[in-house]
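Comments concern the structure below.
Quick note: the coordinates plus some simple rules give every number you see, no bench work behind them. Note that this is a predicted model, so its numbers are computed, not measured. When we count neighbours, we look across all protein chains shown, and the Cβ atoms used for this are built from the backbone with ideal geometry, even at glycine.
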Amino acid sequence: MDPSIVVCSVGKKPDTDASDEYRSHGANVLSTRYHGTITVRVWADGEVWVNDHKGEQIASLPIL
């Protein structure tokens, strides 16, 4: 796998946290610990939006 975006649902950093490992491979790691509820919307054309608990876009993936 070669993820561009990784979403982690955690309250506090666990001992088994792999965020740094994902980042070392270039992934944008988004955590509910910092962003609250994270929602992902996939549009019919394939574009992907990732929003935080305020509804603000914090990441996106372009149409392939």
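Values for this structure:
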quantity	calculated
Residues satisfying the stated conditions in region 10-30, i.e. more than 23 Å from Glu47 (Cβ to Cβ) and either in contact (Cβ under 8 Å) with a residue 24 or more places away in the chain or of a type in the set (S, T, N, Q) (or both)	Thr16, Ser19, Ser24
Residue count for region 1-16, restricted to those that are exposed (fewer than 11 other Cβ atoms within 10 Å of the Cβ) and more than 10 Å from the chain's Cα centre (by Cα)	7
From Ser31, Ser24, Ser19, residue being of a type outside the set (Val, Ile, Thr) and within 9 Å of the chain's Cα centre (by Cα)	Ser31
